[in-house]
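Beneath this line is the structure, given in structure tokens, with notes to follow.
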Amino acid sequence: MSHLLFDIKDHIATLTFNQPEKRNAYSSEMAVKLTQFLRECDRNPDVRVVIITGAGDAFCVGLDMNDVRERGEQGQAEDTQGHPSQRVLRTYPYQISKPVICAINGAAGGFGAAYPLTCDIRLAANEANIAFSFVKWGLIPEMGATWLLPRLIGIEKTSDLFLTGRKVSGEEAANMGLVLRAVPRAELMHEARTLAAEIAEGSSPTAVSVVKRMTWGRMQDEGELYRAIYEDDDAIAWAIHGPDAAEGNKAFFEKRPANWVSVDPEALPHFGKRNANPFGNG
């Protein structure tokens with residue numbers, strides 16, 4: 001069974017995470033196919049809009065930790081630090097010329113919460129719960145989330161979500177500006193397809209592509225977002241090899257609270273000039 005389904009109809013491509021038995025945990029197979037399909041959508045003149053969603057009652061609950069662990073044990077993690085989203089795969093929704101609508105149909109955690117930020121428009125089911133739960137695993141937000149989310153909802157709300165890792169419903173996500181709007185799960189794909197059809201049928205594909213390029217290009221001066229994604233990769237690679245990530249992973253599989261350790265602030269790394277220590281010690 002393919003971990004990612006791909007369909008094109010009426011100029012709309014639909015990509016569906018398809019590991020419902022694992023709540024669509026993000027695997028290395030998904031990572032490879034997602035980049036392939038996004039590039040195919042970008043090249044295909046018949047595709048004017050892309051929708052990304054999940055099968056079953058979850059969008060994507062984050063990385064498939066069994067897959068990460070197995071890749072690490074098999075020595076396949078040299079280029080990616082055991083992380084299927086890093087380094088090797090470099091096509092994100094914001095980089096393709098076609099607009100991408102993310103339909104968050106259910107649970108979205110970690111990677112599954114961060115990835116939609118790279119899409120043009122986000123819709124959510126009322127029943128969805130979205131959690132930037134990285135800190136609960138001893139990890140760091142990825143996919144440029146530390147750059148993107150403050151620009152969507154502001155520093156204070158971003159800090160709330162990042163530092164607690166708490167869940168927000170689709171309705172709360174809409175109220176804070178994290179998604180455009182929330183609807184009952186049964187209506188979500190109809191809502192997404194209606195919006196996609198309005199763009200695909202009523203708007204010039206050329207004009208849409210230029211507007212998208214200008215919007216994302218002007219929001220990030222001199223490739224700031226791309227650099228932020230690379231810095232996030234460095235940060236999460238550092239975290240993955242640290243004691244907190246090992247403890248967080250072990251606590252998850254043992255179904256117990258994690259026993260965190262304190263770290264001297266002077267020992268913490270700095271990622272990029274923009275992340276220099278604001279207190280003057282870095």
Diffing the range 132-142: the Karplus 3J(HN,Hα) column from phi (6.51, -1.76, 1.60, θ = phi - 60°), in whole Hz with x for Gly and Pro, holds 8, 8, 4, 5, 6, 10, x, 10, 10, x, 10
Whole-Hz Karplus ³J(HN,Hα) for the range 4-15, in order, using 6.51 cos²θ - 1.76 cosθ + 1.60 and θ = phi - 60°, x for Gly and Pro? 9, 9, 9, 9, 10, 8, 6, 6, 10, 9, 10, 10
For the range 4-202, compute the number of Lys pairs whose alpha carbons are separated by less than 27 Å, excluding pairs fewer than 8 positions apart on the same chain. 9
Peptides 103-111, 153-161, 44-52 ordered by average Cβ neighbours within 10 Å, highest first: 103-111, 44-52, 153-161
The equivalent-ellipsoid semi-axes of the chain, taken as the square roots of five times the Cα gyration tensor eigenvalues and listed largest first in whole Å, are 30, 21, 19
State to the nearest 20 debye the size of the charge dipole of the range 121-228 about its Cα centre, where the only charges are +1 on K and R beta carbons and -1 on D and E beta carbons. 160 debye
Under a crude label model (7 Å from the Cα following the beta-carbon direction), how far is His270 from Ser97 in nanometres? 4.1 nm
Computed FRET value (nearest 0.05) for Arg256 with Arg181, which takes r as the C-beta separation and R₀ as 25 Å: 0.05
How large is ³J(HN,Hα), in whole Hz, for each residue of the range 98-107 in order, when computed from phi with the Karplus curve 6.51 cos²θ - 1.76 cosθ + 1.60 and θ = phi - 60°, using x for Gly and Pro? 8, x, 10, 9, 9, 9, 7, 8, x, 4
Which angle from 0 to 90°, rounded to the nearest 10, does the C-alpha axis of helix 224-240 make with the longest principal axis of the chain? 40 degrees
Between the range 227-266 and the range 103-128, how far is it from one alpha carbon centroid to the other, in angstrom? 23 Å
Magnitude of the Cβ-charge dipole of the chain, K/R +1 and D/E -1, about the Cα centre, nearest 20 debye? 360 debye
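Values in this text are rule-based calculations from the coordinates and carry no lab data. Since we're looking at a predicted model, the values are computed, not measured. Ideal geometry is used to build each Cβ from the backbone, glycine not excepted, and the neighbour counts take in all protein chains shown.
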